[in-house]
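Working notes, beginning with the structure itself.
The values are calculated or read from the model by the stated rules, or taken from the named source; none is laboratory data. Values in this document were obtained by computation on a predicted structure and should not be read as measured data. Every residue, glycine as well, gets a Cβ built from its backbone with ideal geometry; the counts of neighbours run over all protein chains shown.
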Amino acid sequence: MTGALAGLVASPRAWVAIVIIGVVTYGIRLSFIHLFGRIDGVPTRVQRPLRYVPPAVLAALVLPDLVTLRPSVAATLLDERLIAGAVAGAVAWRTENVFATIATGMVTLWLFRFVVFA
Amino acid sequence: MRGPALDEDLLAGVRDVSPLMLGVAPFALVAGIATVDAGLGLAEAVGMSVIVFAGASQLAALELLGENAPLAVVVGTAVVINLRMLMYSASIAPHFADYGRRLRAGLAYLLTDQAYALSVAEFDENPDRSRWRYYLGAAASLWVVWQIGTVAGVVLGAGVPDAWGLTFAVPLVFLALLVPAMKDRPTTVAGVAGGAVAVVAAGLPLNLGLLVGALCGIAAGLVTEVRAS
């Protein structure tokens, strides 16, 4: 409990974010489970854009962590993160296995960081 | 009451979800590592995993918190990521319609990508199952592994040198989820557009790049769908 209190004092911003995200997310989860019978399913107008939330959001999360635009094409492409991401992406595509994707991506990153580009 | 059936249905859920833990456990570890990387500690890691309990949004929020993004951007981004659960809620709602409000409120808290996908498939295949017990077996197992994994990640993240770049596992987790999410032309266009815009918009003020990229991706997917039909 003291740990939690100390954390609260140290990072009030993080806790405010955690609580708001948590409450809204719970509302999303509960929405139709709670309202079933009063509202029949998601209206098509809402359903159609929702289909594109996972690929759009996930790609917007991933790509900026792999690619940094630099003055030259070579400098942009010869980036250990992009190379590791490409290898991991191929593994994800072939295996659809989260663990295998993380493992090959990390090993490739270390290989380029500590051996090839060292 | 069907006494023995409680264990049977519950255990079936636990059993069926266990292979998925191979993906969930490293994901949870990464969430713990990312908490340390954002300059936060064990209390925040546990608080977030218990209160939010939604991995992708947790990782995105942690990254933005670490970059000192405005609160509205942190919350807005996490909420957009979690909007997909609106679909799960609507899809699983008919299966829980007979249960009381309190039970439904509890089951809703445990709703995740994996618990949803697994349960809906099982309900279709095996109508005799106790739905809430099967779902609880799967969903609560995921909850327990998520909490343990997050704590382990905090401990691990504090002990590994920065040069190892353990936080690189965060985009790798998302990559593993992204690839199967791009399953047809419109969803692929949504992903490519969302990612490209996010890279170009990475320099935007208020860390708005992710949100702008995601919204452009959704729009691109919709336009592709409309054009195809």
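When we screen B:A214, B:A198, B:A190 for residues that are buried (at least 19 other Cβ atoms within 10 Å of the Cβ), out of contact with any His (no Cβ under 9 Å at 6 or more places or on another chain) and either touching a residue at least 60 places away in the same chain (Cβ under 8 Å) or in a loop (DSSP other than H, G, I, E, B) (or both), the only hit is B:A214.
Find the helices (runs of 4 or more DSSP H) located wholly in the stretch B:73-175 whose residues include 2 or more that are surrounded by fewer than 18 Cβ atoms within 10 Å (Cβ to Cβ) and of a type in the set (A, V, I, L, M), and list them.
Details: elements: B:85-92, B:101-109, B:113-125, B:131-159.
Answer list for the stretch B:73-175: B:101-109, B:113-125, B:131-159.
Of everything in the stretch A:48-81 that's in a helix (DSSP H, G or I) and more than 7 Å from every other protein chain (Cβ to nearest Cβ), which residue is nearest to B:L172 (Cα to Cα)? Walk me through it before giving the result.
Taking the stretch A:48-81 as the starting set, the residues that turn out to be in a helix (DSSP H, G or I) are A:48-50, A:53-66, A:73-77, A:80-81.
Filter once more, so that each one left must be more than 7 Å from every other protein chain (Cβ to nearest Cβ): A:73-77, A:80.
Details: A:V73: 23, A:A74: 23, A:A75: 22, A:T76: 19, A:L77: 18, A:E80: 13 Å.
Checked the stretch A:48-81; the qualifying residue nearest to B:L172 (Cα to Cα) is A:E80.
Against the list (1) in contact (Cβ under 8 Å) with a residue 24 or more places away in the chain; (2) on the phi < 0 side of the Ramachandran plot, the condition B:N207 fails is (2).
Please state which one of A:P54, A:P71, A:P49 is in contact with a Lys or Arg (Cβ under 9 Å, 6 or more places away or on another chain) and either under 30 Å from B:H95 (Cβ atoms) or surrounded by fewer than 17 Cβ atoms within 10 Å (Cβ to Cβ) (or both).
Working: A:P71 fails: in contact with a Lys or Arg (Cβ under 9 Å, 6 or more places away or on another chain); A:P49 fails: in contact with a Lys or Arg (Cβ under 9 Å, 6 or more places away or on another chain).
So the residue among A:P54, A:P71, A:P49 that is in contact with a Lys or Arg (Cβ under 9 Å, 6 or more places away or on another chain) and either under 30 Å from B:H95 (Cβ atoms) or surrounded by fewer than 17 Cβ atoms within 10 Å (Cβ to Cβ) (or both) is A:P54.
In this structure, is B:V179 within 12 Å of chain A (Cβ to nearest Cβ), assigned to a helix (DSSP H, G or I), closer than 25 Å to A:N97 by Cβ and without any contact (Cβ under 8 Å) to a residue 24 or more places away in the chain? Taking the combined requirement at face value, the residue satisfies it. Provide a single number: the residues in the stretch A:16-29 that are closer than 24 Å to B:G39 by Cβ and facing chain B (nearest Cβ under 7 Å). The total comes to 9. Scanning the stretch B:74-105 for residues that are more than 7 Å from chain A (Cβ to nearest Cβ) and in contact with a Lys or Arg (Cβ under 6 Å, 6 or more places away or on another chain) yields a single hit, B:H95. Any residue at all in the stretch B:23-33 that is surrounded by fewer than 20 Cβ atoms within 10 Å (Cβ to Cβ), part of a helix (DSSP H, G or I), more than 7 Å from chain A (Cβ to nearest Cβ) and at pLDDT below 90? Within the stretch B:23-33 (the criterion being surrounded by fewer than 20 Cβ atoms within 10 Å (Cβ to Cβ), part of a helix (DSSP H, G or I), more than 7 Å from chain A (Cβ to nearest Cβ) and at pLDDT below 90), the answer is yes, since at least one residue qualifies.
Can you tell me which residues in the stretch B:106-150 are aromatic (F, W, Y) and within 12 Å of chain A (Cβ to nearest Cβ)? Matches in the stretch B:106-150: B:Y109, B:Y116, B:W132, B:Y135.
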